[in-house]
Amino acid sequence: MTVCDISVLHDETSYTRVATVPGTDVGDDGGMTATNLLGVPETRLPAEPDVVADLETLTTAEVVVAHPTSSLAWALLSDEADARGAELEAYAYARVGYHRGLDALRKAGWRGQGPVPWSHEPNRGVLRSLFALRRGAAAIGEVDEVERLTTFLHDADPAVLPTLETRTD
């Protein structure tokens, strides 16, 4: 079987799909990524350097206005509302972040399944939005949605739930 690359990692602003063959050491292959053509590749979203920079100087609401497609910004806004006890508001912000995240994942080639690794930092915005929506759904008693989002997060990356459940930021 030939090991081939289905995506090229140009830079942190490119959408990338990566698949690997477990236990394969690709070695000196000119920068190619090992690929299992039968597996579902990881989805890696592009970095959001403007969003991250704006989070240093603007309020979260101002960042959302400046970058309305950013799942990270919506997730953070949801977290702020949740911290204030505004459960319905937190749920609504998370729902927007979730839909923006699905848009970004689909643009990156995701087809409704496959890994979305937490270890790839630009993926964290969408994963945090999913987590925030799960939290909001639990707060308003939407049991089926909590179960669906739990499965979604686990399938995206089994490390996400334990990581986010223990975070304090």
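Numbers below:
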| item | result |
| --- | --- |
| Where a label projected 7 Å from the Cα of K107 along Cα→Cβ would reach, residues of segment 58-79 with amide N under 13 Å | 67-72 |
| For peptides 65-78, 94-107, sequence by mean Cβ density within 10 Å, most packed first | 65-78, 94-107 |
| Sorted by Cβ density within 10 Å, fewest first, the residues R124, R167 | R167, R124 |
| Rounded if a/c under 1.5, otherwise prolate or oblate - segment 49-165, Cα gyration tensor axes | oblate |
| Point-to-point label distance, T168-V143, nm (Cα→Cβ direction, 7 Å offset) | 3.4 nm |
| Overall form of segment 48-91 per C-alpha gyration tensor (a/c, 1.5; a/b vs b/c) | prolate |
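Computed from the coordinates by the stated procedures, all read-outs in this text should not be read as laboratory data. Note that the coordinates shown come from a computational prediction; the quantities given were computed from them, not determined experimentally. No Cβ is skipped: glycine too gets one built from the backbone with ideal geometry, and neighbour counts run over all protein chains shown.
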